[in-house]
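Report on one structure; see the data block that follows.
The values are calculated or read from the model by the stated rules, or taken from the named source; none is laboratory data. The structure displayed is predicted, hence computed values, not measured ones. Cβ sites come from the backbone with ideal geometry, for glycine too, and all protein chains shown count toward neighbours. Accessible surface is based on the protein model in full, side chains and every heavy atom, while ligands, DNA and RNA are left aside. Shrake-Rupley method; radii C 1.70, N 1.55, O 1.52, S 1.80 Å.
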Amino acid sequence: MQIDVPSIVEGYAQGYFLMADESGNDLDWYSSRERTLIPLDERFRYPRSLQRVLNQNRFTIAVNRDFKSVVDGCADRETTWISEELKQVYWALHQAGWAHSFETWQGNQLAGGILGIVIRGAFIGESMFFQIPDGSKVAMVKLVERLRERNFVLFDAQMTNPHLERFGSHVINNRSYRDLLRQALDRDCSLE
């Protein structure tokens, strides 16, 4: 399969995202009238119980230590939009420096992670997973801290769910999203 990395990055930079259908056969571009963002300001929040977990320092953080395992972990669910073809796309994007895994580890065991695409000042979250309880939640908090430190403009979570709402996620319309995305593309940021 020939993967055109520059065209894929351009698609994301224009506000589209890739998904396979439930059968895992048809990979296509999607857009949405609304986008879910994880706030990078004071609106970001998390449950108090998670603060206790953070204080215990049970997890260490890594970027791209085991990218393929994070992709596999994100795809390992009953219904998934991450087909085998999309895994290959993520790997090509990773090798080209666009796709990243933000990971939590407990000793030598991968605890959880977040898969995303970084284009300048935008972190476009594709999926997250955990193997150890609280692994993905700690990854979320630590990722937001990293994005703030590195002056990212936006953390796009694409679609809302109750889990993301616990972190203060909010929905914006497509026009507002594209305005923020343009601002993000004007900023030179790095996750690593």
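Largest first and in whole Å, give the semi-axes of the chain's equivalent ellipsoid, each being the square root of 5 times a Cα gyration tensor eigenvalue.
After diagonalising the Cα gyration tensor, the semi-axes are 24, 20, 16 Å.
Treating only the Cβ atoms of Lys and Arg (+1) and Asp and Glu (-1) as charged, compute the dipole magnitude of the chain about its Cα centre; round to the nearest 20 debye.
940
Hey, can you grab everything whose amide H is under 5 Å from the amide H of ARG120? Only 5+ residues off in sequence or another chain; H modelled, so Pro and N-termini drop out.
CYS189
Leaving ligands, DNA and RNA out of it, report the carbon-plus-sulfur percent of the accessible area of the stretch 124-180 at a 1.4 Å probe.
Roughly 48 percent, rounded to a whole number.
Can you give the charge dipole size of the stretch 120-164 about its Cα centre, rounded to the nearest 20 debye, using +1 on the beta carbon of Lys and Arg and -1 on the beta carbon of Asp and Glu?
With only Lys, Arg, Asp and Glu charged at Cβ, the dipole is about 160 debye.
If you count, for each residue, the other Cβ atoms within 10 Å and average over each peptide, how do 130-136, 8-14 line up from highest to lowest?
130-136, 8-14
Once each part is reduced to its C-alpha centroid, what is the distance from the stretch 19-82 to the stretch 99-143 in angstrom?
6
Taking the Cα centre of the stretch 29-102 as origin, sum charge times position over the Cβ atoms of Lys and Arg (+1) and Asp and Glu (-1), and report the length of that vector in debye to the nearest 20.
400
List the extent of the Cα atoms of the stretch 85-192 along each of their three principal axes, largest first, rounded to whole Å.
41, 33, 31
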